[in-house]
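**Q** One structure follows; several queries about it will come next.
Values quoted throughout were computed directly from the atomic coordinates according to the rules given, and no laboratory measurement underlies them. Note that the coordinates shown come from a computational prediction; the quantities given were computed from them, not determined experimentally. FYI the Cβ positions are ideal-geometry reconstructions off the backbone, even for glycines, and counts take in every protein chain you see.
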Amino acid sequence: MIPPHTLTTRRLHLRRPAAEDAASIFAAYAQDPEVTRYLTWQPHASIDRTRDFLRRCAQGWQQGTEFSWVITLREGDALAGMIALRPEGHRANIGYVLARPLWGQGLMAEAARAVVDWALAQPEVHRVWAVCDVDNTGSARVLEKAGMVREGVLRRWMLHPNASDGPRDCFCYARVR
């Protein structure tokens, strides 16, 4: 799988992250405990942690294990969040994060739909899936608006260290070709 370095939607521009994005990512969402509440990582305490994250993003592209895109607004080019696609043979899963001031505007659903559409257009990909915490109604709505269907509940599936100490139940969503 060789993903494009950029994807463009009506309101968004998705592009490969760069080291220069660290300050914008840190300021926009990486240190926000409300944004990271249902994510698998804790808020970044320093910009150095954000820089480490961006190094891992570059490695993912090089190794073909994870393809991350920075999401920017086409109007004004402000950093909005990130989305990642992780190929797994005939499947791929997505994960995403969006800065809190931009919640509720349909931006992440727009980005997710672009990534899911691209992935399912690849001959080797037959299923794109994602999970979200059962209490994360905003993320569930994003996945539904991106054309994914809720398949069920995965009991005690994922650690969300900002929400609890133990593994939490997650909804599983997918779109298949």
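**Q** With N denoting the number of residues in the chain, provide Rg(C-alpha) divided by 2.2 N^0.38 Å, to two decimal places. Spell out each step's value before the answer.
**A** Details: Rg = 15.3 Å, N = 177, 2.2 N^0.38 = 15.7 Å.
Working it through for the chain, the quotient is 0.97.
**Q** Give the peptides 90-100, 57-67 in descending order of average Cβ contacts within 10 Å, highest first.
**A** Details: 90-100: 19.8, 57-67: 14.5.
Going by the mean number of other Cβ atoms within 10 Å, highest first, we get 90-100, 57-67.
**Q** Could you work out how much longer the chain between residue 91 and residue 117 gets when fully extended? Use 0.36 nm per residue separation minus the Cα distance between them, nm to one decimal.
**A** Numbers: separation 26, 0.36 × 26 = 9.36 nm, distance 1.33 nm.
That pair, residue 91 and residue 117, stretches by 8.0 nm at full extension.
**Q** In deg cm²/dmol and to the nearest 500, what is the mean residue ellipticity at 222 nm of the chain if only DSSP H runs of at least 4 residues count, each as -39500 (n - 2.57), divided by the residue total?
**A** Working: 4 runs with 44 residues, N = 177.
Taken over the chain, the calculation gives -7500 deg cm²/dmol.
**Q** Using a Förster distance of 22 Å, how high is the FRET efficiency between residue 23 and residue 164, based on the Cβ-Cβ distance and rounded to 0.05? Display every interim value, and only then the final one.
**A** Numbers: r = 31 Å, r/R0 = 1.40.
The pair residue 23/residue 164 has a calculated efficiency of 0.10.
**Q** When DSSP assigns beta bridges and you keep just the ones with both residues in the stretch 54-154, what percent turn out antiparallel, to the nearest 5? Present the calculation step by step, with values, prior to reporting the outcome.
**A** On the way: 14 of 17 bridges.
Around 80 percent of the beta bridges assigned by DSSP in the stretch 54-154 are antiparallel ones.
**Q** Can you grab the distance from the C-alpha centre of the stretch 68-112 to the C-alpha centre of the stretch 5-61, Å, no decimals?
**A** 10
**Q** Quick one: putting +1 on the C-beta of Lys and Arg, -1 on the C-beta of Asp and Glu, what dipole do you get for the chain around its Cα centre, in Debye to the nearest 20?
**A** 380
**Q** Using only Cα atoms, figure out Rg for the stretch 19-72 and give it as a multiple of 2.2 N^0.38 Å. All intermediate terms of the calculation are to be shown ahead of the outcome.
**A** Numbers: Rg = 11.3 Å, N = 54, 2.2 N^0.38 = 10.0 Å.
Output field value: 1.12.
**Q** Among 116, 25, 81, whose Cα projects farthest towards the positive end of the dipole of the chain, with charges put on the beta-carbon of Lys, Arg (+1) and Asp, Glu (-1)?
**A** Final value for the positive-end residue is 116.
**Q** Continuing with this model, one more query. Treating only the Cβ atoms of Lys and Arg (+1) and Asp and Glu (-1) as charged, compute the dipole magnitude of the stretch 46-112 about its Cα centre; round to the nearest 20 debye.
**A** Values: 8 positive and 7 negative charges, 36 e Å.
It comes to approximately 180 debye.
**Q** Whole-Hz ³J(HN,Hα) for each residue in the stretch 68-75, computed from phi via Karplus 6.51 cos²θ - 1.76 cosθ + 1.60 with θ = phi - 60°, x for glycine and proline: what do you get?
**A** Each residue's phi maps through the Karplus curve to give 9, 10, 6, 9, 10, 6, 4, 8 Hz.
**Q** Now, a different point. Can you tell me how much longer the chain between residue 34 and residue 6 gets when fully stretched, taken as 0.36 nm per residue apart minus their C-alpha distance, in nm with one decimal?
**A** Details: separation 28, 0.36 × 28 = 10.08 nm, distance 2.82 nm.
Stretched out fully, the residue 34 to residue 6 stretch lengthens by 7.3 nm.
**Q** What order do you get for 37, 168, 155 when you list them from fewest to most C-beta neighbours inside 10 Å? Display every interim value, and only then the final one.
**A** Working: 37 15, 168 19, 155 10.
So the ranking, lowest neighbour count to highest, is 155, 37, 168.
**Q** Please compute the modelled spin-label separation between residue 42 and residue 154, points set 7 Å along Cα→Cβ, answer in nm with one decimal.
**A** It is 2.4 nm.
**Q** Let me ask you something else. Report the relative contact order of the stretch 6-176, percent, no decimals, based on alpha-carbon pairs under 8 angstrom and at least 6 residues apart. Working shown, then result.
**A** Numbers: 323 pairs, mean separation 36.6, N = 171.
Reported relative contact order: 21 percent.
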